[in-house]
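Q: Sharing a structure below in structure tokens format, with a few things to ask.
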Amino acid sequence: RGIVAREEDSDLMEAGRFLEPAIAAWFAERTGYRVRGDGRLVVRHPAEPWIFASPDRFVYDASSGDLLGGLEIKNVSTWRAEAWGGPEPDTYDIPEPYYYQIQWCMGVTGLRRWWAAPLIGGNRPRFDHVLGFDERFFADLVSIARVFWLRHVVPGVAPAVDGSASSAAYLRCR
């Protein structure tokens, strides 16, 4: 049940959707890993049926075929490149929202490694960063999400308007 109507994709979101398969293929070629998936899979947490994630891809060892972890693909504009850190390998940061997203995906899937694959400005692939799972951080995310789920989603009660972009979208639909 959707409370807020789905907005049309921005040009950047649309570009990301079209470029995601190419970025995944580039990641596979650059790293030597095999990449599988199409970004449409929705995974449910085994113990918490209200928790879902939609991983972009999965990473496999090219020789053994063993599942190694997940892959989060981002098409990053040049104007947002600074948020990803320096230009040298192993010097970039993962912006907080994407760190949260990756930790959430690891917690839901049970995988303990996840690669971030941003393509910055259309020509700077940054495929050298892999994250490990932070169990405590995921537990904190679940605690926060559970409160929101039980207070707002289950009873169908909208959260208070707070000036955020999501509040503005909600108000536009009312």
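The values are calculated or read from the model by the stated rules, or taken from the named source; none is laboratory data. Computed from a predicted structure; not experimentally measured. Every residue, glycine among them, receives a Cβ derived from its backbone with ideal geometry; neighbour counts consider all protein chains shown. These accessible areas exclude ligands, DNA and RNA; they are computed on the full protein's heavy atoms, side chains included. Shrake-Rupley method; radii C 1.70, N 1.55, O 1.52, S 1.80 Å.
Q: With just the Cα atoms of region 106-174, tell me how far they stretch along each of the three principal axes, in Å, largest first.
A: So the extents along the principal axes, rounded to whole Å, are 43, 32, 17.
Q: For region 81-150, with the dipole built from +1 on Lys and Arg beta-carbon atoms and -1 on Asp and Glu ones, taken about the Cα centre, which of V147, I102, W84 lies farthest toward the positive end?
A: V147
Q: Now a separate question. Could you give each residue of region 141-153 its phi-based ³J(HN,Hα) in whole Hz, using Karplus coefficients 6.51, -1.76, 1.60 with θ = phi - 60°, and x for Gly or Pro?
A: Whole-Hz 3J(HN,Hα) from phi for region 141-153: 4, 5, 4, 5, 5, 4, 4, 4, 4, 6, 7, 10, 6.
Q: Shifting gears a bit: May I ask which residue of A160, S64, G39 lies farthest towards the positive end of the charge dipole of the chain, with charges of +1 (Lys, Arg) and -1 (Asp, Glu) on Cβ and the Cα centre as origin?
A: A160
Q: Now for a different question. Which whole-number percent gives the relative contact order of region 11-131, counting Cα pairs below 8 Å spaced six or more residues apart?
A: Details: 206 pairs, mean separation 29.4, N = 121.
Rounded, it is 24 percent for region 11-131.
Q: Continuing with this model, one more query. Along the Cα→Cβ direction, 7 angstrom out, place labels at R36 and E14. What is the inter-label distance in nm?
A: Using points 7 Å along Cα→Cβ, the separation is 3.3 nm.
Q: Same structure, new question: Between 0 and 90 degrees, rounded to the nearest ten: what's the tilt of helix 11-31 against the longest Cα principal axis of the chain?
A: Approximately 40 degrees, to the nearest 10.
Q: Running a GNM on the chain with Cα contacts under 10 Å, which residue among D93, D128, D56 ends up with the highest mean-square fluctuation?
A: Evaluated over the chain, the most mobile residue of the options is D93.
Q: Once you've got the GNM for the chain with C-alpha springs shorter than 10 Å, pick whichever of H45, H152, H129 has the biggest mean-square fluctuation.
A: Top of the fluctuation ranking is H152.
Q: Using a Förster distance of 41 angstrom, determine the FRET efficiency expected from the C-beta separation of R112 and R172, and round it to 0.05. Let's see the in-between values first.
A: Working: r = 40 Å, r/R0 = 0.98.
Between R112 and R172 the formula returns 0.55.
Q: Oh, and also: Charges only on Cβ, +1 for Lys and Arg, -1 for Asp and Glu: so what's the dipole of region 19-173 about the Cα centre, in debye to the nearest 20? List each step's numbers first, then the result.
A: Working: 16 positive and 18 negative charges, 93 e Å.
In total the dipole reaches around 440 debye.
Q: Quick one: if you stick a label point 7 Å off each Cα along the C-beta vector at S64 and A165, how many nm between them?
A: For the pair S64/A165, the computed spacing is 4.0 nm.
Q: Can you give me the % of accessible surface on the chain that is carbon or sulfur? Probe 1.4 Å, all protein chains present, nothing else counted.
A: Numbers: 5840 of 10920 Å².
The computed percentage sits at 53.
Q: Also: Tell me which residues come under 5 Å, amide H to amide H, from N75 once H is placed; ignore anything under 5 positions away on its chain.
A: Residues meeting the criterion, in which the H sits 1.01 Å from N, are L119.
Q: Now, a different point. How are the alpha carbon pair distances in the chain distributed across 5 Å bins from zero to the largest one, expressed in percent?
A: 1, 7, 14, 17, 19, 17, 13, 7, 3, 1, 0
Q: Calculate one ³J(HN,Hα) per residue across region 100-112 by plugging θ = phi - 60° into the Karplus curve 6.51 cos²θ - 1.76 cosθ + 1.60, and present them in order as whole Hz with x for glycine and proline.
A: Each residue of region 100-112 in turn: 4, 4, 5, 4, 4, 4, 5, x, 6, 7, x, 6, 10 Hz.
Q: Right, next: Under a 5 Å amide H to amide H cut-off, with H placed in plane at 1.01 Å, what residues pair with G69 once short-range neighbours are removed?
A: Residues meeting the amide H criterion: V59.
Q: Take F52 and E7, extend 7 Å from each Cα along the Cα→Cβ direction, and tell me the distance between the two endpoints in nm.
A: Each label point lies 7 Å from its Cα, and together they span 2.1 nm.
Q: Pick out, in residue order, every one of the trypsin sites (Lys or Arg not before Pro) in region 1-61 that is DSSP loop and has at most 16 other C-beta atoms within 10 Å; say none if there are none.
A: Values: sites: R1, R6, R17, R30, R34, R36, R40, R44, R57; in loops: R1, R6, R40.
Within region 1-61, the qualifying trypsin sites (Lys or Arg not before Pro) (loop, at most 16 other Cβ atoms within 10 Å) are R1, R6, R40.
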